[in-house]
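Colleague: My questions all concern the structure below.
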Amino acid sequence: GVLNEILSEAVKPLLESEGYTLEVVEFNDYVQPNTVTEAGEVDANYFQHRSYLDTFNEENGTHLVEAGGIHYEPFGLYAGKTASLDALADGAQVALPNDTTNEARALLLLQQEGLIKLADGAGITATPQDVVENPKNLQFVEVEAATIPRILDDVDIAAINGNYALDAGLSVADDALAIEDAASDAAQIYTNVIVVPEGKQDDAKVKALVDALHSEAVRSYIDATYNGAVVVVS
């Protein structure tokens with residue numbers, strides 16, 4: 001995956017020059033990486049955003065903390081039958097992911113672009129029920145996030161996760177009509193972080209890892225490799 005590539009291709013050589021050997025262990029679920037980090041079987045993990053980390057600690061009684069924010073994968077609005085946001089007709093169809101987290105991000109992006117207005121405080125739990133102004137009478141088509149690229153030609157525009165856009169051959173930099181602003185709440189909350197057991201965030205090797213991820217060399221690698229689908233936040 002993307003994170004494995006970043007760590008293996010860009011970070012590992014940097015850490016080697018400082019005398020550290022980076023060993024990357026890949027998991028296929030979202031629970032084990034935190035479990036093994038809490039148990040001290042690995043030093044750190046890199047896969048989750050702040051919102052998930054808080055929820056995980058709360059539900060599992062774990063004491064995992066953020067050692068540094070690294071990147072986010074911006075949500076984008078992409079053209080289907082309608083080529084631009086300005087050209088959206090009254091009643092245009094907009095495909096949105098149907099899971100809570102992603103749907104809220106998509107609605108916040110539509111609001112960022114001035115297409116709708118959400119109720120005060122809706123934020124990262126927003127649903128279509130929270131839309132208080134919809135001047136173009138946009139029709140929301142709620143679909144599983146991963147399948148949205150496949151129905152792009154059937155709707156006017158679609159809100160697509162960075163990773164699914166990448167998988168579908170869409171370029172965030174070249175094809176997106178709009179993407180989440182780096183200063184937006186969504187970008188802050190959904191920043192992927194390096195996570196360590198509480199008390200380990202100041203360990204020399206953890207600091208070396210975070211510094212390497214924040215380095216100019218890694219930023220350049222990410223920009224060149226992912227063309228806007230992964231955005232460094234440091």
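The values are calculated or read from the model by the stated rules, or taken from the named source; none is laboratory data. Because the structure is a prediction, the values reported are computed rather than measured. All Cβ positions, glycine included, derive from the backbone under ideal geometry; neighbour counts span all protein chains shown. The area values use the complete protein model at the heavy-atom level, side chains included, leaving out ligands, DNA and RNA. Shrake-Rupley method; radii C 1.70, N 1.55, O 1.52, S 1.80 Å.
Colleague: Would you work out which of 101, 49, 129 lies farthest towards the positive end of the dipole of region 1-155, given +1 charges on the beta-carbon of Lys and Arg and -1 on that of Asp and Glu, about the Cα centre?
Modeller: Ranked along the dipole, the leading option is 129.
Colleague: Would you please report the Å³ per residue occupied by the convex hull of the alpha carbon atoms in region 1-100? Before the final figure, lay out each step's value.
Modeller: Working: hull volume 16.8 nm³, N = 100.
Per-residue hull volume (Cα only) is 168 Å³.
Colleague: Averaged over every viewing direction, what's the projected area of the C-alpha convex hull for region 121-174? Give it in nm², one decimal, please.
Modeller: On the way: hull surface 19.8 nm².
Average projection, Cα convex hull of region 121-174: 4.9 nm².
Colleague: Could I ask something else about it? Run through every distinct alpha carbon pair of region 100-234 and return the Kirkwood hydrodynamic radius in angstroms, one decimal place. Intermediate results must be reported in sequence, preceding the final value.
Modeller: Working: mean 1/r = 0.0591 Å⁻¹.
Final number for the Kirkwood radius of region 100-234 is 16.9 Å.
Colleague: Using only the Cα atoms of region 2-48, what semi-axes does the equivalent ellipsoid have when each is the square root of 5 times a gyration tensor eigenvalue? Give whole Å, largest first.
Modeller: So the equivalent ellipsoid measures 21, 13, 6 Å along its semi-axes.
Colleague: On to the next question. How high is the relative contact order of the chain, given as a whole-number percent (alpha carbon pairs under 8 Å, six or more residues apart)?
Modeller: Computed over the chain, the figure is 33 percent.
Colleague: What are the extents of the Cα atoms of the chain along their three principal axes, listed from largest to smallest and rounded to whole Å?
Modeller: Ordered largest first, the chain gives principal extents of 60, 38, 28 Å.
Colleague: Give or take rounding to whole Å, what are the principal axis extents of the alpha carbon atoms in region 152-215, in descending order?
Modeller: Its Cα atoms span 51, 23, 18 Å along the three principal axes.
Colleague: Quick query: amide H of residue 65 versus all other amide H atoms, modeled in the peptide plane; which residues come in under 5 Å with a sequence gap of 5 or more or a different chain?
Modeller: Under 5 Å from the amide H of residue 65: 196, 198.
Colleague: Non-local amide H neighbours of residue 48 (under 5 Å, H modeled in plane, Pro and chain starts lacking H): which ones?
Modeller: Counting only residues 5 or more places away or on other chains, the set is 193.
Colleague: Please work out the Cα center distance from region 121-162 to region 163-179, rounded to the nearest Å.
Modeller: Here the two parts' Cα centres lie 16 Å apart.
Colleague: Could I ask something else about it? Leaving out same-chain residues fewer than 8 places away, which lysines sit with a Cα under 17 Å from that of residue 81?
Modeller: 136
Colleague: What does the highest-first list of 171-182, 198-209, 42-53, 97-108 look like by mean Cβ count within 10 Å? All intermediate terms of the calculation are to be shown ahead of the outcome.
Modeller: Values: 171-182: 16.9, 198-209: 14.7, 42-53: 18.8, 97-108: 20.8.
Output ranking for 171-182, 198-209, 42-53, 97-108: 97-108, 42-53, 171-182, 198-209.
Colleague: How much net charge surrounds residue 185 when only other residues with a Cβ under 14 Å from its Cβ are counted (Lys, Arg +1; Asp, Glu -1)?
Modeller: On the way: positive: 50, 105; negative: 120, 180, 181.
Overall, the nearby charge balance is -1.
Colleague: When the dipole is taken about the Cα centre of region 64-179, and only Lys, Arg (+1) and Asp, Glu (-1) are charged at their Cβ, what size is it in debye, to the nearest 20?
Modeller: So the dipole magnitude of region 64-179 works out to roughly 80 debye.
Colleague: Return the lysines within reach of residue 205: Cα separation strictly under 23 angstrom, same-chain partners fewer than 8 residues apart disregarded; answer none if there are no such residues.
Modeller: Reachable lysines: 12.
Colleague: Where does the charge balance sit around residue 104 when Lys and Arg score +1, Asp and Glu -1, over other residues with C-beta under 11 Å from its C-beta?
Modeller: Numbers: positive: 105; negative: 99, 103, 130, 185.
Net charge around residue 104: -3.
Colleague: Hey, another quick one. For region 75-176, I need the span (max minus min coordinate) of the C-alpha atoms along each principal axis, in Å, sorted largest to smallest.
Modeller: That works out to 36, 27, 22 Å along the principal axes.
Colleague: Expressed as a rounded percentage, what relative contact order does region 37-156 have, with Cα pairs under 8 Å and six or more residues apart?
Modeller: 29
Colleague: Could you look at the chain and say what percent of its accessible area is carbon and sulfur, using a 1.4 Å probe and all protein chains? Numbers along the way, then the final one.
Modeller: Details: 5030 of 11320 Å².
C and S atoms contribute 44 percent here.
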